[in-house]
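Peer 1: This is the structure, below, for whatever I ask next.
The values are calculated or read from the model by the stated rules, or taken from the named source; none is laboratory data. Quick caveat: nothing in here was measured; it's all calculated off a predicted structure. Please note: Cβ atoms are built from the backbone with ideal geometry, for glycine as well, and neighbour counts cover all protein chains shown.
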Amino acid sequence: MEDAFDGHYSDKVMQSGLPPGQRSYAFVLAHGLDVVNSDMQNFAHFQENLTAVQSSAELFARA
């Protein structure tokens, strides 16, 4: 059920190329919440998380 929140994201977020988990990760970061992601089992997952961190503010503009 990793796509449960997809209906709430803007087109910009959905077209960002972020996988479902990283979309949620970016959302949480962009809204000022602290995040600790301890489940990075491989380097590719780590890279996806870095992309989510780097793009979170751009993807989720706060009003």
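Peer 1: Would you please name the residue that is surrounded by the fewest Cβ atoms within 10 Å (Cβ to Cβ), looking only at residues in segment 24-42 that are modelled with pLDDT under 80 and among the hydrophobic types (A, V, I, L, M, F, W, C)?
Peer 2: Val36
Peer 1: I would also like to ask the following. What are the pairs with Cβ atoms under 6 angstrom where one residue, in segment 43-63, is under 18 Å from Asp11 (Cβ atoms) and without any contact (Cβ under 8 Å) to a residue 60 or more places away in the chain and the other, located anywhere, is of a type in the set (Gly, Ala, Ser) and not in a helix (DSSP H, G or I)? Sequence gap at least six, or different chains.
Peer 2: As it stands, the answer is Leu59/Ser16, since those pairs meet every condition given.
Peer 1: Are there any pairs, at least 6 apart or on different chains, whose C-beta atoms fall under 8 Å, with the first in segment 7-35 and within 17 Å of Gln47 (Cβ to Cβ) and without any contact (Cβ under 8 Å) to a residue 40 or more places away in the chain and the second of a type in the set (Val, Ile, Thr) and exposed (fewer than 15 other Cβ atoms within 10 Å of the Cβ), and if so, which?
Peer 2: Close Cβ pairs (under 8 Å, with a partner that is of a type in the set (Val, Ile, Thr) and exposed (fewer than 15 other Cβ atoms within 10 Å of the Cβ)) amount to Tyr25/Val35; Leu29/Val35.
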